[in-house]
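Notes follow once the structure below has been shown.
The values are calculated or read from the model by the stated rules, or taken from the named source; none is laboratory data. In this text the structure is predicted, and so the values were computed from the model without any measurement. As a convention, Cβ positions derive from the backbone with ideal geometry for all residues, glycine included, and neighbour counts pool all protein chains shown.
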């Protein structure tokens, strides 16, 4: 009778330790994601740069993209990526506009 109690206690200890380790890993992952350390940042000399993105709904958005010096206006939807227009001139980021 004593050995089955010892085995049960050992299983509970092991499951508790595993839950604690997984909890710590999840908290660390959440913290890194929240701090922006897990986001992919494009190189400054990348050929393709997303200048601006504006969501229109859950699955639709508008993108302003620069590819090798040319600026394109694109739309995204569940059906795919849609070319809308070529933007003439230099496009600036909305954050760079003076108030």
Restricting attention to the stretch 28-48, does a residue exist that is touching a strand residue (DSSP E or B) at 6+ places or on another chain (Cβ under 7 Å) and either at pLDDT 80 or above or more than 30 Å from residue 86 (Cβ to Cβ) (or both)?
yes
Quick count over the stretch 57-83, residues being surrounded by 10 or more Cβ atoms within 10 Å (Cβ to Cβ) and in contact (Cβ under 8 Å) with a residue 12 or more places away in the chain, is 17
